Amino acid sequence: MKCLVSRHTVRETLGTVFQRMSVEAGVIKCKAAVLWEQKQPFSIEEIEVAPPKTKEVRIKILATGICRTDDHVIKGTMVSKFPVIVGHEATGIVESIGEGVTTVQPGDKVIPLFLPQCRECNTCCNPDGNLCIRSDITGRGVLADGTTRFTCKGKPVYHFMNTSTFTEYTVVDESSVAKIDDAAPPEKVCLIGCGFSTGYGAAVKTGKVKPGSTCVVFGLGGVGLSVIMGCKSAGASRIIGIDLNKDKFEKAMAVGATECISPKDSTKPISEVLSEMTGNNVGYTFEVIGRLETMIDALASCHMNYGTSVVVGAPPSAKMLTYDPMLLFTGRTWKGCVFGGLKSRDDVPKLVTEFLAKKFDLDQLITHVLPFKKINEGFELLNSGQSIRTVLTF
């Protein structure tokens with residue numbers, strides 16, 4: 001006699017099993033790339049990862065990208081406590097959950113979010129806001145309860161930007177994780193956790209690029225290329241890429257730039273060069289370098305009355321910017337953005353779905369794929385300018 005069990009019953013049974021696994025979850029020993037201090041290479045160590053507490057999620061990392069922001073910690077230009085596990089652009093599978101977690105369950109494919117979305121604070125509740133109060137941009141290095149889940153050689157190891165993905169397992173707050181389509185290839189969609197979304201969102205969400213407009217992108221690294229892809233998606237008719245390194249021009253053209261120039265090719269200020277090129281019709285500029293002087297150049301390069309300039313590159317800490325206020329008085333709009341202005345938990349799953357629908361191609365941004373143990377080689381590729389994005393796989 002056949003035993004008939006409804007799908008609903010099976011789903012309930014699996015959910016009960018997953019929840020029991022989560023409650024019974026213990027300490028996991030695994031490999032991680034620990035940064036013991038500034039200006040030192042990563043050390044592959046065995047660490048202990050504690051089980052998730054209330055409203056926390058433990059994730060098995062499948063793939064993680066190497067981002068310039070991680071390098072800022074190494075060089076000391078970004079605040080962090082040490083020892084620390086950096087990394088913030090990844091894809092993984094939920095291994096276990098703490099009590100009270102309702103939005104993901106073990107087995108779900110997810111992207112950890114360096115920019116949380118609690119959906120409760122003033123910023124999250126504002127339709128134009130995305131910088132959740134739970135964001136850790138000041139280097140606290142701990143989860144919501146003020147403690148870390150990592151230990152190594154008997155010492156606590158700090159978290160990085162709510163994520164810490166240079167490890168086989170990590171623990172994040174529920175507000176810092178987004179469930180995505182299970183069909184998504186982890187070694188590609190991990191870029192949606194930071195680099196791609198930051199650039200693409202800067203164009204379509206923060207800049208609100210209009211069809212037929214002229215856009216200029218300063219800096220043609222991975223995020224700059226993503227800005228170009230966003231401008232193209234928004235319908236810009238002319239997209240000018242700017243970089244000192246002409247080797248980057250071919251890739252920029254491949255993802256949507258209509259032309260590329262180097263500031264070295266003229267003795268005139270770049271704003272004058274662009275005005276002559278476009279008939280004084282640059283609607284949008286994007287600074288994707290994080291250099292103070294270039295931020296001013298980008299602002300001066302958009303139309304003096306109706307132009308919009310967006311600061312995308314993270315500025316150096318403890319630096320002040322001096323500029324001529326007449327640049328704004330005439331009507332320009334100057335904006336900044338974190339994560340492209342996107343609401344992380346809401347928008348990341350949508351971008352993954354759009355990727356699967358072939359709305360954009362992430363392959364253009366990935367130049368190297370390395371095993372996790374070669375993380376130091378990946379950072380050498382970054383610093384030598386040989387890579388756009390290197391993805392580490394586990």
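The accessible surface of the chain, taken with every protein chain in place and a 1.4 Å probe, is 54 percent carbon and sulfur.
Label point of Trp36 set 7 angstrom out along Cα-Cβ; within the range 72-103, amide nitrogens under 13 Å from it belong to 83-84.
Which of rounded, prolate, oblate describes the range 330-384, given a ≥ b ≥ c as roots of the alpha-carbon gyration tensor eigenvalues and a/c under 1.5 marking rounded, otherwise prolate only if a/b is larger than b/c?
Since a/c reaches 1.5 but b/c is at least a/b, the shape of the range 330-384 is classed as oblate.
In the chain, the longest principal axis of the Cα atoms and the axis of helix 344-356 are about 80 degrees apart. Normalised by the number of residues in the range 210-333, the average gap of Cα pairs under 8 Å and 6 or more apart makes the relative contact order 23 percent.
Each part reduced to its alpha carbon centroid, the range 266-283 and the range 178-200 end up 35 Å apart. Once C-alpha pairs closer than 8 Å and six or more residues apart are averaged by separation and normalised to the residue number of the range 119-270, the relative contact order reads 13 percent.
Please state the relative contact order of the chain as a whole percent: Cα pairs under 8 Å, 6+ residues apart? It would help to have the intermediate numbers written out before the result.
Numbers: 927 pairs, mean separation 64.3, N = 394.
Relative contact order here is 16 percent.
Using Cα atoms only, what is the angle between the long axis of helix 292-301 and the major principal axis of the chain, expressed in degrees (0 to 90) to the nearest 10? Once rounded, the angle reads 60 degrees. Rounded to whole Å, the principal axis extents of the Cα atoms in the range 65-198 read 34, 32, 32, largest first.
DSSP bridge analysis restricted to the chain gives an antiparallel fraction near 55%, rounded to the nearest 5. Run the Debye formula on the Cα coordinates of the chain, all scatterers equal and no solvent, and tell me log10 I(q)/I(0) at q = 0.08, 0.13 1/Å. The computed values of log10 I(q)/I(0) come out as -0.43, -1.05.
Comparing Phe360, Phe82, Phe329 in a Gaussian network model of the chain (Cα springs below 10 Å), the most mobile by mean-square fluctuation is Phe329.
Can you give the longest run of the chain that contains no trypsin sites (Lys or Arg not before Pro) sitting in a DSSP loop with at most 10 other Cβ atoms inside 10 Å?
40-318
Per residue, how much accessible surface does the range 97-151 expose to a 1.4 Å probe? Answer in Å², no decimals. Don't skip to the end; give the middle numbers.
Numbers: 2500 Å² over 55 residues.
Averaged over the residues of the range 97-151, the accessible area is 45 Å².
Checking the a/c ratio against 1.5 first, then a/b against b/c, what shape does the Cα gyration tensor give for the range 221-309? Rounded, because the longest to shortest axis ratio a/c is under 1.5.
With q set to 0.18, 0.21, 0.22, 0.23 Å⁻¹, the log10 of I(q)/I(0) for the range 272-387, from the Debye formula over equal scatterers at the Cα positions, is -1.10, -1.15, -1.17, -1.19. The residues of the range 199-240 present an accessible area of 26 Å² per residue when probed at 1.4 Å with all protein chains retained. Within the listed set Ile239, Ile228, Ile133, the residue fluctuating most in the Gaussian network model of the chain (springs between alpha-carbon atoms under 10 angstrom) is Ile133. Tell me the angle of helix 222-234 to the major Cα principal axis of the chain, expressed in degrees between 0 and 90 and rounded to the nearest ten. Between helix and principal axis, roughly 80 degrees.
In the neighborhood of Val84, defined by Cβ-to-Cβ distances under 15 Å, what is the net charge if each Lys or Arg adds +1 and each Asp or Glu adds -1? Working shown, then result.
Numbers: positive: Lys39, Lys75, Lys81, Arg140, Arg149, Lys153, Lys155; negative: Glu37, Glu45, Asp70, Asp71, Asp136.
Here the count lands on +2.
Annotation: aspartates and glutamates with alpha-carbon distance below 19 angstrom to Lys248 (same-chain offsets under eight excluded): Glu259, Asp265, Glu287, Asp361, Asp363, Glu380. With the highest mean first, a sort of the peptides 123-129, 96-102, 61-67 on other beta-carbon atoms found within 10 angstrom per residue produces 61-67, 96-102, 123-129.
In the context of the full set of protein chains, the range 249-320 has a per residue accessible area of 49 Å² (1.4 Å probe). Using only alpha carbons, the range 276-342 has a radius of gyration to Kirkwood radius ratio (Rg to Rh) of 0.97. Classify the range 186-273 as rounded, prolate or oblate, taking a ≥ b ≥ c as the square roots of the eigenvalues of its Cα gyration tensor: rounded when a/c is under 1.5, otherwise prolate if a/b is larger than b/c and oblate if not. Oblate, since a/c reaches 1.5 and b/c is not below a/b.
Taking R0 as 30 Å, what's the FRET efficiency between Phe82 and Tyr323 from their Cβ-Cβ distance, rounded to 0.05? Kindly include the intermediate steps, with their values, before the conclusion.
On the way: r = 35 Å, r/R0 = 1.17.
Working from the Cβ atoms, E equals 0.30.
The values are calculated or read from the model by the stated rules, or taken from the named source; none is laboratory data. Predicted model only: the values in this text are computed from it and were never measured. Methodologically, a virtual Cβ is constructed for each residue, glycine included, from the backbone with ideal geometry; neighbour enumeration extends over all protein chains shown. Ligands, DNA and RNA are stripped out before the accessible areas are found, and what is left, the full protein with its side chains, is counted by its heavy atoms. Shrake-Rupley method; radii C 1.70, N 1.55, O 1.52, S 1.80 Å.
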